[in-house]
Amino acid sequence: MLEIFEPNREFSKNARIKNMCEYKELRMQAEEDFEGYWDRLAKEKIDWFKPYDTVLDESNAPFYKWFDGGKLNVTHQCLGRHLTTRKNKAAIIWEGEDGKKRIITYLQLYYRVNRLANLLKNQFGIKKGDRVVLYLPMIPEAAFAMLACAKIGAVHSIVFGGFSADALRDRVQDANAKLVITADGAYRRGKPYMLKPVVDEALKEGCECCSKVLIVQRNFEEIDYVPGRDYVYNEMIMNESQHCDPEPMDSEDPLFLLYTSGSTGKPKGVQHSSAGYILWAQYTMEKVFDVKENDTFWCTADVGWITGHTYIVYGPLAMGATTVMYEGVPTFPDVGRWWKMIEEHRINQFYTAPTAIRLLHKLGADEPKKYDLSSLKVLGTVGEPINPDAWMWYYNEIGGGKCSIVDTWWQTETGGHMITPLPGATPIKPGSATFPLPGIMAEIIDENGNPTPKGEKGFLCITKPWPSMIRTIWGDPDRFAKSYFGDCKKDGKPVYFSGDGAMYDDDGYIIITGRTDDVINVSGHRLGTAEIEAVLAHHQNVAEVAVVGRPDPIKGEGIFAYIVLKGEEDSIGEEIEMIQELNKQITKEIGNIAKLDDILFVPGLPKTRSGKIMRRILRSIAKGEEITQDTSTLEDPTIVGAIETLVNR
Ligand code: WTA
């Protein structure tokens, strides 16, 4: 049984939710009057241009509508409404990897966003509903661009800078985007790295929809310019007016798309709404991080992921907080970089991923002692299960044993936190995301839709809609309905399947056990095994391929590929060459984040008689586990032994 840590009493006294009674009270309110609960929140939190007619429209489930009939603009929520009370407050504190610093106040941010919004409208003809792809490093302009799109009602789709030209092209095409906003590059590990050449490569063919590229100069390295297509942000932005009226948006108008991996080959463009999304971003920011007016909040994610969307930009700004943005890696110039930043900026809430905690623990367990981290009040983690060892180090060495750790479970599709401790209320346990937030109806069920008993793994589901949920998969509503909502119903309504496994421990705490589908989680990045397999199968010498995740002490999971080659390939030299070629292919088609950790050339794959690859067996072999499963139903049972011999070679 794992130890339970009570919240710090002093902290609880001033927290927004002070104890479990208050938490339970809110939960009960949501259970007893579901719509009333959300209605109150939406009225209290959002500065509406026009009030909504209905709270929740379930008539076309699972295509739910929240706050239908209402009008708002997310940038008014994040900027405009703060100008009376916070105009000179720091909205964004940015630190470049090279040590450069920028502080942008709410008023400055408001003007920047307006100028860019005008530029998008006037120079690039971007209108409400148009899609704009952002391929940007971690610079304030990434936030300006998101908000400028939101201001005029354009839909942004951020593509993480680690994705390759091919992956970027797919996303530009799928969204039929009109414009790409990028940068020359930025700094990483002390050196400049480039983004613009990747955009050039991506737009080379098949992207007729996108005729313009706007380039932010960050590292001022030399780049090629395509006349008539490429424009420099730094030169154009000052010519635009700093006044721009926000476009009145319907509650359900899409705010952004964000592509994520699923269990089939093609990434899904997760579509989020305006009102429901911003409501939950703000609410969770307030309740889960308990950020106060003078606090400084730092989320280390990249804006290319949902965590960066909700907890670097939209959540903090919606509540009028100060958000920190950092450009580079945690290990530059040394492994104390982040702790130094916490000391210098007097960070109060710090939110990061288990993979980073494990890395910094391994590389510099005593490093935090060199810095004054006493400003910290709340620590957070996200993206993957955190192992108790890493949790304890985080708790003791970073938090000094006085900060709650909010282990937040959520997904690109959920828009914001779903299952998480509340720092002033929830007694926490290493490795547990604890309990659902009030209003979030989470259940763990078995294959037949029945709740699982304590200690037994099941599927983590959400049985009622919530405001910040995914609205659809861009251009593919059928896939949306099929991917997330099976046949299972509760009170006649479809149930949302998260794709994660979970269980209740003896105390009723929720433990997330990891994905139950063919998605793997490498350093907190979601990758579909089918996506990686499709790339590998393109190689002319590959006959068959199966990819599985294998536990990795730092990355959480590593990528293990089993490959059957066409014809004979038995010399080690040829194998090494082949490994290099396959990794090159992965880097080209997906990006470095999907590089293979291990490749095993095998004579065949374990398949059932109907031809289905038995991935469970492959996962066990990759882990080095003994095979206990029944292999007699395989088409060729001897293949398992043959693969095991190769692994142990
Ligand atoms: C995993 C990131 C355990 C999970 C916000 C989920 C977690 C996937 C946790 C979503 C957590 C996220 N504990 N696992 N606290 N948080 N996950 O879409 O498998 O990039 O389905 O969103 O990360 O990843 P995504």
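The values are calculated or read from the model by the stated rules, or taken from the named source; none is laboratory data. Please read these numbers as outputs of a predicted model, since none were measured by experiment. Reconstructed Cβ throughout: ideal geometry from the backbone, glycine too, with neighbour counts over all protein chains shown. These accessible areas exclude ligands, DNA and RNA; they are computed on the full protein's heavy atoms, side chains included. Shrake-Rupley method; radii C 1.70, N 1.55, O 1.52, S 1.80 Å.
When the charge dipole of the chain is built from unit charges on Cβ atoms (+1 for Lys and Arg, -1 for Asp and Glu) and taken about the Cα centre, the candidate among Val329, Ile473, Ser620 whose Cα reaches farthest toward its positive end is Val329.
On the basis of the beta-carbon distance and an R0 of 45 Å, Arg479 and Asp507 show a calculated FRET efficiency of 0.75. Across the chain, Cα pairs under 8 Å and at least six residues apart give a relative contact order of 13 percent. Relative contact order of region 518-648, taken over Cα pairs closer than 8 Å and 6 or more residues apart, is 22 percent.
For the chain, a simple Cβ point-charge model (Lys and Arg +1, Asp and Glu -1, everything else neutral) yields a dipole of about 1940 debye relative to the Cα centre. Legend: residue pairs Lys71/Lys287; Lys45/Lys464; Lys43/Lys101; Lys18/Lys493; Lys191/Lys362, Cα-Cα distance threshold 27 Å; pairs beyond threshold, Lys43/Lys101; Lys18/Lys493. The HN-Hα couplings worked out from phi for region 319-330 by the Karplus form 6.51 cos²θ - 1.76 cosθ + 1.60 (θ = phi - 60°) are 8, x, 8, 9, 10, 9, 10, 10, 7, x, 8, x Hz, whole numbers, x standing for Gly and Pro. If both residues of a DSSP beta bridge must be in the chain, then about 60% of such bridges are antiparallel. Apply the a/c threshold of 1.5 to the C-alpha gyration tensor of region 216-345 and tell me whether it is rounded, prolate or oblate. Verdict is rounded for region 216-345. Ranked from largest to smallest solvent-accessible area, with a 1.4 Å probe on the protein heavy atoms, Trp48, Trp393 come out as Trp48, Trp393.
Taking a straight Cα-Cα cut-off under 21 Å and skipping sequence neighbours fewer than 8 places away in the same chain, the lysines within cross-link reach of Lys212 are Lys121, Lys127, Lys128, Lys151, Lys178, Lys196, Lys204. Place a point 7 Å from Cα of Glu235 in the direction of its Cβ. Which residues in region 210-226 have their backbone N less than 17 Å from it? Hits in region 210-226 for Glu235 at 17 Å: 212-226. Is the shape of the chain best called rounded, prolate or oblate, per the rule: a/c under 1.5 gives rounded, else a/b larger than b/c gives prolate, else oblate, with a ≥ b ≥ c the square roots of the Cα gyration tensor eigenvalues? Taking the square roots of the gyration eigenvalues as a ≥ b ≥ c, the chain is rounded. In this structure the amide hydrogen of Gly486, modeled in the peptide plane, comes within under 5 Å of the amide hydrogens of Val495, Phe497, none closer than 5 places in sequence on its chain. Legend: distances between Cα atoms for Lys24/Lys457; Lys24/Lys87; Lys292/Lys370; pairs beyond 31 Å are Lys24/Lys87.
Note on Asn14 and Glu644: the model spin-label points, each 7 Å out from Cα along the C-beta direction, lie 6.1 nm apart. Which of the three applies to region 518-648, rounded, prolate or oblate, going by the alpha-carbon gyration tensor with a ≥ b ≥ c and a/c under 1.5 meaning rounded? Oblate, since a/c reaches 1.5 and b/c is not below a/b. Counting lysine pairs in region 518-648 that sit 8 or more residues apart in sequence, or on different chains, and whose Cα atoms lie under 21 Å apart gives 10. Please work out the FRET efficiency for the pair Thr331 and Glu447, using the Cβ-Cβ distance as r and a Förster radius of 35 Å; give the result to the nearest 0.05. Once the sixth-power term is evaluated, E becomes 0.20. For Ser632 and Glu31, FRET efficiency with R0 = 56 Å and r from the beta-carbon atoms, rounded to 0.05? Result of the calculation: an efficiency of 0.70.
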